[in-house]
Amino acid sequence: MQILKQSTAGQEVMMGPFVDSTDGVTPETGLTIANTDIRIHVRAATAFTDKNSGGGTHKEDGYYLVTFDATDTDTTGPIKVQITVAGALPVVETMLVQSAAAHNSLI
């Protein structure tokens, strides 16, 4: 589980692997992942919302770097991040947003 600091910009998270939606194995290395492809559900919310800004950048073998900002991490507690983009199977990860004090004492 990835741990993020509340209301903090520039938090990079590696997401993936993104694999081909047809064979479920081949890494997808040329995807264009927009912020609207990245959906976030925070504790006590009634629905998923689009990531505030920025998408994903391919690093290697179907893994993409996603940078979360202060708006994306403004609520403490567990968050579910789902990325759905044409050509690849969805990638879903649960993360934990901690208060600055809790995060600093742990990290």
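What follows draws every value from the coordinates through simple rules; no lab data is involved. Here the structure is a predicted model, which means the values were calculated and not measured. Don't worry about glycine lacking a Cβ; one is built from the backbone with ideal geometry, like all the others, and counts go over all protein chains shown.
A helix-only calculation puts the chain at -1500 deg cm²/dmol for mean residue ellipticity at 222 nm, using -39500 (n - 2.57) for each DSSP H run of at least four residues, averaged over all residues. Highest mean packing comes first when the peptides 35-41, 84-90, 45-51 are listed by Cβ atoms within 10 Å, giving 35-41, 84-90, 45-51.
The mean sequence separation of alpha-carbon pairs under 8 Å and at least six residues apart, normalised by the residue count of segment 1-100, gives a relative contact order of 40 percent. Sorting 61-69, 2-10, 17-25 by average packing, meaning the other beta carbons within 10 Å per residue, from highest down gives 61-69, 2-10, 17-25. The residue among MET14, THR26, LEU4 whose Cα reaches farthest toward the positive pole of the charge dipole of the chain, with charges on the beta-carbon of Lys, Arg, Asp and Glu, is LEU4.
In straight-distance terms, cross-link reach from LYS80 covers every one of the aspartates and glutamates whose alpha-carbon lies under 18 Å from its own, apart from those fewer than eight places away in the same chain; here that gives GLU12, ASP37, ASP50, ASP69, ASP72, GLU93.
Solvent-free Debye calculation, one equal scatterer per alpha-carbon of the chain: log10 I(q)/I(0) at 0.12, 0.14 Å⁻¹ equals -0.39, -0.53. What residues from segment 1-23 fall in the zone where the backbone N is under 15 Å from a label point 7 Å along the Cα-to-C-beta line of GLU93? Of the residues in segment 1-23, 1-5, 10-19 have backbone N under 15 Å from the label point off GLU93.
For a test of the definition: using alpha carbon positions, the gyration tensor, and the 1.5 limit on a/c, classify segment 41-90 as rounded, prolate or oblate. Prolate shape, in that a/c is at least 1.5 and a/b is the bigger ratio.
Note on ASN35/MET1: beta-carbon distance plugged into 1/(1 + (r/R0)^6) with R0 of 30 Å gives a FRET efficiency of 0.85. Between TYR63 and ALA100, the FRET efficiency from the beta-carbon distance, with R0 = 25 Å, is close to 0.35. Got a sec? Which residues in segment 82-107 would a label at THR75 touch, if it sits 7 Å along Cα→Cβ and we count backbone N under 13 Å? Backbone N within reach: 97.
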